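Report on one structure; see the data block that follows.
The values are calculated or read from the model by the stated rules, or taken from the named source; none is laboratory data. Just so it is clear, the structure is predicted and the values come from calculations on it, not from any experiment. Because the Cβ atoms are built from the backbone with ideal geometry, glycine has one as well, and the counts that use them run over all protein chains shown.
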Amino acid sequence: MNNTIKLAVAAALLAAASSANAGIIVPAGDWTLDIGGVVNAYYTSTRSTGVNGGFAGANDTGTKTASNITTGLLPNYLSVSGKTRENDLDVGFTISINPGASTTSAGKQSSQQENRQAFVTFGDKSWGSIKLGKDLGIFASDAILNDMTLLGVGSGAGMLAGNTTTLGRIGTGFIYADWKAQIAYSSPDWNGFSFTAGLTQAWNAQGATSSTGRGGSEPAFEGKASYAWAGDVAGKVWVSAISQKVEGLTNGTVASMNTLTGAITAGTANTIAANTSARAEAVDIGGTVSMAGFGLTGYYFTGSGIGSQLQLVNAFDAAGNKRDSDGGYIQGTYTIPGVGTKLGASWGESNIDGTGIDSFNTQKNEMWTIGAYHPLTKHLNLVAEYSDVKYKVDNKAPAASTTGTDKTVSLGAILFF
């Protein structure tokens, strides 16, 4: 299927588990339709410890275990794409629906539903293509597309049952690219080099014990450039960036926030004076290489006023000052010859620094993951993962630091068609 989810699948598999190159192809007059998607479900068991750490919750001390049956980092996907050639232009579209695979309340079956893609493209291989509509964001997109937990669960299983996805390595190695309304231009492939530049919908800043603000007077600016090569040692390197103006910064609500999940519990606003506007910015760099069944990926990001997990969440202090953030991950994989099973291990962390008026110096989320991804058929993959998340807030004196952990075992399957 000719859409972003297929790119995600190809990147995550790293030439291992699934060999399907298209979904269900249907000729329809001048159009060729491609129907494809993903179905996945996992049993997960998460053991959490700490105070306001991991997924134990702000009022939980000691140890808590949560067992769920849910989707992984990828939601279930049903995608319809179409393409045709008209007036010397390649014209296409993609629309997708993304239901969750779990429910936690009686009589409630339809609340967790996303529509991640709805866009049109037109162009020509001689000069590139233009995209208009909603699709994966440009900044940090390669970080998630190369994350091995894209086929599995990663973090977030302990409290996200009933949702459409878990977190994978989001917030423990990279910022979520997310799904954004955009107008973007992608260049042709010039002997391995290509770039994408676009305008995306500016988002509002969200905060808990932090400032809130709005986007909208101008779009966000995003772009990336990459170089890929083939051969016995194949690989890709990339850089990407984002810049967005945030206006109307006002003091946020004094509330609680789980920095690992981004979940915000509303509180009462107060009247501390705030800056009026600021610019959220971030840049990243990454690369991946593969040889003789081995794969190695490295990634790093740094930003200011952008957050460390979800874009523009918890990114400013209560007076509108930007918080700095950074992080990254390293990942190694090996595909067993003749069997196709991919074994992988990865480590990463995300950090956000407090400002002069914050009560903390640094908040850090760190995760180790090991996984096995076995192609039972060319479309169906069995998955086993273990993820160990460590959560720490380095508070300013005299307050003590707070820590927590999440240890998640997940077993399940993912089907691509």
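Selection of the stretch 176-192 for residues being part of a loop (DSSP other than H, G, I, E, B), within 25 Å of ALA101 (Cβ to Cβ) and of a type outside the set (D, E, K, R) yields TYR176, ALA177. Restricting ALA234, ALA197, ALA225 to those that are in contact with a Gly (Cβ under 6 Å, 6 or more places away or on another chain), of a type outside the set (Phe, Trp, Tyr), at negative phi and modelled with pLDDT of 90 or more reduces the list to ALA197.
Report every pair of residues separated by at least 6 positions or lying on different chains whose Cβ atoms are under 9 Å apart, first residue within the stretch 178-190 and over 17 Å from ASN204 (Cβ atoms), second among the basic types (Lys, Arg) and surrounded by fewer than 17 Cβ atoms within 10 Å (Cβ to Cβ). Short answer, once both residue conditions are applied: PRO188/LYS125; ASP189/LYS125. Taking the criterion of being under 13 Å from THR121 (Cβ atoms) and of a type in the set (Val, Ile, Thr), the only residue of the stretch 71-90 that qualifies is THR84.
Every residue in the stretch 237-265 that is buried (at least 21 other Cβ atoms within 10 Å of the Cβ), at pLDDT 75 or above and within 30 Å of LEU296 (Cα to Cα), please. TRP238, SER240, ILE242, listed by residue number.
Condition check for GLY307 on (1) assigned to a loop (DSSP other than H, G, I, E, B); (2) without any contact (Cβ under 8 Å) to a residue 40 or more places away in the chain; (3) closer than 22 Å to GLY168 by Cβ: one failure, at (2). Filtered by the rule that a residue be within 15 Å of GLY223 (Cα to Cα), in a helix (DSSP H, G or I) and not polar (S, T, N, Q), the stretch 125-149 gives ASP142, ALA143. Just give me the residues in the stretch 275-304 being out of contact with any Ser or Thr (no Cβ under 7 Å at 6 or more places or on another chain) and either assigned to a loop (DSSP other than H, G, I, E, B) or of a type in the set (S, T, N, Q) (or both), in sequence order. ASN275, THR276, SER277, SER290, ALA292, THR302, SER304, listed by residue number.
Could you list, in sequence order, the residues of the stretch 393-417 that are free of Cβ contacts under 8 Å to residues at least 60 places away in the same chain and surrounded by 16 or more Cβ atoms within 10 Å (Cβ to Cβ)?
ASP394, ASN395
Residue count for the stretch 393-417, restricted to those that are of a type in the set (Lys, Arg) and in a strand (DSSP E or B): 1. Name every residue in the stretch 124-158 that is surrounded by fewer than 24 Cβ atoms within 10 Å (Cβ to Cβ) and among the hydrophobic types (A, V, I, L, M, F, W, C), in order of residue number. Those that are surrounded by fewer than 24 Cβ atoms within 10 Å (Cβ to Cβ) and among the hydrophobic types (A, V, I, L, M, F, W, C): TRP127, ILE130, LEU132, LEU136, LEU145, LEU150.
The set of residues in the stretch 208-222 that are of a type in the set (Gly, Ala, Ser) and either at pLDDT below 65 or assigned to a strand (DSSP E or B) (or both) comprises ALA208, SER210, SER211, GLY213, ALA220. Of the residues making up the stretch 350-389, just one is basic (Lys, Arg) and buried (at least 18 other Cβ atoms within 10 Å of the Cβ), namely LYS364. The numbered conditions (1) closer than 29 Å to ASN40 by Cα; (2) in a loop (DSSP other than H, G, I, E, B) are all true for ALA318 except (1).
Within the stretch 132-167, the set of residues being more than 15 Å from LYS407 (Cα to Cα) and among the hydrophobic types (A, V, I, L, M, F, W, C) comprises LEU132, LEU136, ILE138, PHE139, ALA140, ALA143, ILE144, LEU145, MET148, LEU150, LEU151, ALA161. THR268 fulfils the conditions (1) at pLDDT below 95; (2) within 22 Å of the chain's Cα centre (by Cα) except for a single criterion, (2). The number of residues in the stretch 154-170 being modelled with pLDDT of 90 or more and closer than 19 Å to ARG116 by Cβ comes to 6.
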